1. Using Cα-Cα distances under 8 Å and only pairs 6 or more residues apart, what relative contact order does the stretch 169-239 have, in percent?
2. Measure out, as a whole number of angstrom, how far apart the alpha-carbon centroids of the stretch 39-67 and the stretch 342-382 sit.
3. Can you give the net charge of the other residues whose Cβ lies under 11 Å from the Cβ of Met218, counting K and R as +1 and D and E as -1?
4. Longest segment of the chain with no trypsin sites (Lys or Arg not before Pro) in a DSSP loop having at most 16 other Cβ atoms within 10 Å?
5. For the chain, compute Rg over Rh where Rg is the Cα radius of gyration and Rh is the Kirkwood radius from the inverse mean 1/r over Cα pairs.
6. What 222 nm value per residue comes from the helices of the chain, counting each DSSP H run with n ≥ 4 as -39,500 (n - 2.57) and dividing by all residues, nearest 500 deg cm²/dmol?
7. Can you pick out the pairs among Lys101/Lys170; Lys213/Lys352; Lys351/Lys419; Lys366/Lys436; Lys217/Lys295; Lys352/Lys419 whose Cα atoms lie more than 18 Å from each other?
8. Just to confirm my numbers, what's the Cα centroid distance between the stretch 123-180 and the stretch 243-307 in Å?
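Each value in this text was obtained by applying a stated rule to the coordinates, not by laboratory testing. Model, not experiment: these values are computed from the prediction. Note: ideal-geometry Cβ built from the backbone for every residue, glycine included; neighbour counts use all protein chains shown.
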Amino acid sequence: MASTSPLSALLSIISSGVQTLESAYSKDGLAFPSLDDPFRPTPLDQDAALAETRRLIVAAAAQLIATVRSPVEVLQEYAPGMYMTATLGFVEETNVADIIKEGGAQGLHVKAISLRNGVDESYLARVLRFLATRHVFKEVTPNVFSNNRISSLLVKAKSVQAINEDPVAKYDGAPLASFVASSADVALKSVHLFSPFLQNPGNAAAPFNIAFKTEAKMWDWYEEPGNEWRARRFTAAMKGGGDRFPPQLFTSGIRGDALSPDDVVVDVGGSIGSVALALYKAFPNLRYVVQDLGKQIDEAGKFWEANAPDAVSSGRVLLQVHDFFTPQPVKNAAVYFLRVVIHDWPDHDAKKILSNLRDAAAPSSKLILFDSLAVYSCEDPSSSVPKKVPYPLLGNLGIGGAGFATGLDLQMLTLFNGKERTEDEFRELGRVTGWKLDSVTPGPLATMVFSVI
Ligand SMILES: C[S@@+](CC[C@H](N)C(=O)[O-])C[C@H]1O[C@@H](n2cnc3c(N)ncnc32)[C@H](O)[C@@H]1O
């Protein structure tokens with residue numbers, strides 16, 4: 001294989017992947033979605049084999065670009081990377097994608113956008129051109145922009161008029177818009193303190209704490225007066241969590257089929273309980289407890305009322321305010337699970353959370369973590385699930401495989417001094433808190449199953 005040049009090998013990964021995608025779509029009577037059209041879901045979006053094909057194409061294309069592009073240009077693109085976050089945040093805040101959508105498929109002139117959101121048209125044109133150059137929005141004719149496949153996901157769930165009438169509820173029903181807006185708000189406002197923090201980590205809990213002049217954890221700060229809109233935006237982002245990953249990831253992850261009727265499953269730090277809802281739908285004969293801080297549980301009440309009105313009143317689902325740094329009130333549950341919670345915390349806090357669960361557990365209880373797995377960018381012979389990637393790709397498929405997880409890792413560092421962990425780090429975290437790591441199932445989120453030691 002090494003006799004093939006890296007460029008040719010990358011090209012052949014791309015061309016065979018493209019053939020696979022095109023033939024899968026044409027077999028289903030579909031054209032491959034165009035970048036120029038708004039996103040429309042298709043059944044093939046969730047196909048696991050095609051998702052791997054897409055990852056390989058992205059990994060190879062990104063590596064091809066890094067290989068052929070002048071390294072000077074690569075650094076000139078990477079160094080001002082903050083403008084991507086800043087411009088996405090700006091268009092989200094000023095409802096640009098929403099205004100364009102209401103303007104029709106042919107796109108809107110920046111003058112017309114300016115009339116609706118009050119932003120100077122020349123600023124709008126420059127921001128939108130920066131984004132269109134990176135395939136977010138399309139410049140149809142000079143200064144006329146339409147939504148494309150990517151920018152259409154910035155559209156919120158309400159009309160611009162409804163957004164303006166109730167700004168606190170602006171992000172309700174719009175998880176991706178909420179994620180983009182949070183990244184451009186709390187994270188971007190903290191990240192300039194990244195390097196000083198890493199060089200002097202003893203001076204604060206995280207860059208976030210220095211930026212917002214608070215000793216509170218971001219979660220507790222969200223609960224403070226004045227931050228209601230941020231808490232609400234965060235909840236909106238978490239509501240999408242149920243849809244972002246195939247529900248099967250969680251239903252097979254907790255192995256509900258192997259549980260007995262009325263066994264108790266606790267969604268620890270569950271926010272509104274979007275994972276518990278997917279489980280409840282799949283295994284309605286189990287009992288569920290969703291635990292979180294006060295504001296999240298308030299929102300959880302509305303969420304369950306809208307999505308499974310009988311679940312709470314019948315007693316199958318309990319929504320419980322519980323701080324996971326205090327003793328776990330639900331003893332001997334069949335399953336305690338945490339989705340994307342442990343990555344929010346540094347080791348000393350993660351240990352307290354898992355120890356509290358171990359203290360409450362029965363000998364047969366399982367602890368299940370759904371979290372991103374940090375994967376080395378080179379080959380990892382010690383992994384229990386070693387992955388052979390095609391030559392000459394990176395061991396973690398670069399941005400095709402670990403782009404989001406490595407970005408999230410640094411976001412966790414910036415906001416909480418939290419981190420994405422490797423398999424060995426999870427095993428060790430379990431070992432010191434009385435849990436044995438039995439299995440790791442890789443995926444868009446890895447599933448780590450622990451039993452009591
Ligand atoms: C990244 S979110 C994950 C939410 C949920 N597991 C999901 O995947 O949708 C982390 C959650 O931990 C909750 N949390 C933070 N500190 C907590 C504490 N001390 N006790 C209980 N929950 C807490 C937050 O309110 C938030 O809902």
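1. Numbers: 63 pairs, mean separation 34.3, N = 71.
For the stretch 169-239, the relative contact order is 48 percent.
2. Computed from Cα coordinates, the inter-centre distance equals 29 Å.
3. Numbers: positive: Lys217, Arg230; negative: Asp220, Glu223, Glu224, Asp344.
My count for the surroundings of Met218 gives -2.
4. On the way: sites that count: Arg69, Arg134, Lys213, Arg255, Arg316, Lys331, Lys387, Lys388.
Longest gap between qualifying sites, sites excluded: 135-212.
5. Working: Rg = 23.1 Å, Rh = 23.9 Å.
In the chain, Rg relative to Rh is 0.96.
6. Details: 22 runs with 220 residues, N = 453.
That calculation yields -14500 deg cm²/dmol at 222 nm.
7. Working: Lys101/Lys170 16 Å; Lys213/Lys352 25 Å; Lys351/Lys419 13 Å; Lys366/Lys436 10 Å; Lys217/Lys295 15 Å; Lys352/Lys419 16 Å.
The pairs that break the limit, which is 18 Å between Cα atoms, are Lys213/Lys352.
8. With the stretch 123-180 and the stretch 243-307 each reduced to a Cα centre, they are spaced 32 Å.
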